[in-house]
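The values are calculated or read from the model by the stated rules, or taken from the named source; none is laboratory data. Every value quoted in this text rests on a predicted model; they were computed, and no experiment measured them. When we count neighbours, we look across all protein chains shown, and the Cβ atoms used for this are built from the backbone with ideal geometry, even at glycine. Ligands, DNA and RNA are excluded from the accessible area calculation, which covers all protein heavy atoms including side chains. Shrake-Rupley method; radii C 1.70, N 1.55, O 1.52, S 1.80 Å.
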Amino acid sequence: MKQTFKWIAVAVLVLLLGASFHYSAGWLQLCAGLALFLFGMQCLEQGLKELAGGRMERLLARSTATPFKGLLFGGGATLLLQSSTLVSLLTIAFLGTGLIQLGGAIAVLLGANLGATSGIWLLALAGQNLSLSPLALPLLVFGVLARYTGPQGAAAGRLVVGIAFIFLAIDQIKHGFSAMATIELGRYAADGWAGTLLFVAVGLGLTVIVQSSHATLMLTLAALSQGQLEPAQSLAIAIGSNVGSSVTTGVMGYIGGNRAGQRLALAHVLFNVTTASLALLALPLLQAAVLWLTAVAGMGDNALIQLALFHTLINALGVALFWPWQPAFAALLERWLPDRPQAVGLIAEIASGPTPNRSPYLTDSALLSADSATEAFSQELHHLGRISLEVIGQALYCPPDELDSPQRDAAVLRQRLQRSHVDSEALYRQHVKPLYGELLRFIGRFEQPLDAVQQQWWRNGQEAASQLVKAVKDAHQLQANLKRHAGAEAQAGNAAAEAYRELRLQLLDALAWLVRCGQQHDDPQRWRHELQALEPRMQAFKEEFTARLFAAVRDGRLDGSQLGSLVNDLGYAQRIVRNLHQVLLLGDGHRHGLSWSGLFQDEGEASALS
């Protein structure tokens, strides 16, 4: 129903725009110019990201060591990408996966707001009479030719094509406003604060619609150069565009991010709303300062430069206001948006209510970069590993926390088996299957370029998730016979019950061995030695256990049906161990710095292993 409504709304919008284009050629030129500008910005962003090859993301992770470094990175990245929204969303993604901390992310955010002022300066300096179309045409030719020179050339060509489209868009928008000279936006203004707030709302609304404060300011500059706006009105639109960009980032970050990302999205909104409020209150003083500074520079009659200077001034004042109390601001955000309480263990999670449909790590914002997506994937793999291990433990009627015990009391385990009503199949459907589905969905939506090591890591991660699910399914098959023989275990001398008790204890010992290996991930040499020692132990047990089963058949203590069940269940137990063993082997990425070898450690202790 929602999808149908969406398509109906799109169809109505297309029809209305088509009709408006028929009646106004100037309006058509204006909209075409805006479309070219947005498409050019998209090409520019994609080209720069592909050329960076993940270096920008890694630089972001290193550039938050001090607030000043974060400020410089935010300003420089926005200057290159010409999109404070993209830089803000990338920062939200890195914050959400734990690659950077909130204090550093706030500094990047402040720098991005300063860097956002660079675009309007370039547009203002282009002026009213300078045409960039002659330069755009050869750029288009060179950009398309570059696509045939390899991946790097194609990325550079996309960047050049994006610049060309932006240049064409600037001229197209100028011509559109010239053709619409009969429209005087200034006549819609009201007096006093009402008029100022009206144009603030225009700037805010337009930025939310086109998803770009650069586009809003470019339209404002074009209208200002054609005399269709008063300078004071353009200043109000600039204030509104600042708020609009933060609203866009805030909504996208809040919906697509986890709690950490939501804090930064809120920080962006608070910063821009506070800055805009102060700019409105001090508007006469700021306007006078802008007029004085441009007069001193000999550009007192250049309204375009005045708008660019005003935009820079209000953002610089906002940074100066927030800079001294960044730690207090971060602490305030953490108090307003505290971490959601996490259930400890699957039983506690079940008691706390239904499982959420979405993973806490696989957020939309994490898809914006290869590094943040890899880290989110690693965190979710740890989550799936812990849940899978607990479901397997419940299937064996032994919670995973008891795997750390130096000895397992057979009598206690037997009582738990007799009294328990845990259904591992239900646990699989409610907890493991949805998480695995989310993981596959995340992989399917991921489109960022990866190097060879990262590609292999993602393939290994997908295979590891599959092995975890297989281990859970095998545990469910084993649970049925364990429960069936629960009553028989209490009878002394029952060979089948004793065999199942031995099989169960051996499997629990093997799981405990794997958990200990997973917790030794910080010592690669010992980790590999311990992991390699498990397979011969399991093979020796299989041979000895099978020999005893056939001896029991010859002695008449087991019948053929019981022997068949035990042999089948021995196979399930061996596969459970083999699958989990393979999961850890797939995570042996110590040499490349890409590892989930600590998969079975507590999630609260899990570090950034990727």
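Data overview
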| quantity | calculated |
| --- | --- |
| Whether the stretch 152-301 is rounded, prolate or oblate, judged on the alpha carbon gyration tensor where a/c under 1.5 counts as rounded | oblate |
| Stretch gain in nm, segment Ala480-Gln532, where the contour uses 0.36 nm per residue and the Cα spacing is subtracted | 15.7 nm |
| Largest-first ordering by accessible area, 1.4 Å probe, given options Trp325, Trp458, Trp7 | Trp7, Trp325, Trp458 |
| Of the GluC sites (Glu not before Pro) in the stretch 436-475, those whose Cβ has at most 11 other Cβ within 10 Å and which sit in DSSP loop | Glu447 |
| Exposure ranking of Lys483, Lys49, Lys473 by accessible area [1.4 Å probe, largest first] | Lys473, Lys483, Lys49 |
| Relative packing of peptides 63-71, 86-94, 448-456 - highest average C-beta neighbours within 10 Å first | 86-94, 63-71, 448-456 |
| Inter-label distance for Lys433 and Val251, nm, one decimal - labels placed 7 Å from Cα along Cα-to-Cβ | 3.6 |
| Rounded to the nearest 10 Å², the accessible area of Met252 at probe 1.4 Å | 90 |
| Whole-Å semi-axes of the stretch 288-332's equivalent ellipsoid (Cα gyration tensor) | 31, 9, 6 |
| Length-normalised contact order of the stretch 231-303 in % [C-alpha pairs under 8 Å, at least 6 apart] | 29 |
| Label-to-label distance, nm, for residues given as Asn568 and Thr274 (7 Å Cα→Cβ offset) | 6.7 |
| Area of Phe5 that stays accessible when all protein chains are in place (1.4 Å probe, Å², to 10) | 150 |
| Extension gain, Arg557 back to Ala295 (0.36 nm per residue minus Cα-Cα distance, nm) | 83.8 nm |
| Protection-proxy order for peptides 96-106, 142-152, each taking the mean of Cβ atoms within 10 Å per residue, highest first | 96-106, 142-152 |
| Accessible surface, 1.4 Å probe, highest first, among residues Ile443, Ile387 | Ile443, Ile387 |
| Those lysines that a straight Cα-Cα span of less than 21 Å connects to Lys483, excepting residues fewer than 8 apart in one chain | Lys470, Lys473 |
| Approximate spin-label separation Glu502-Glu334, in nm, with each point projected 7 Å along Cα-to-Cβ | 5.5 |
| FRET efficiency, 1/(1 + (r/R0)^6) with R0 22 Å, evaluated for Leu281 and Trp325 via beta carbons | 0.65 |
| Heavy atoms of Cys517: accessible area, 1.4 Å probe, square angstrom to 10 | 0 |
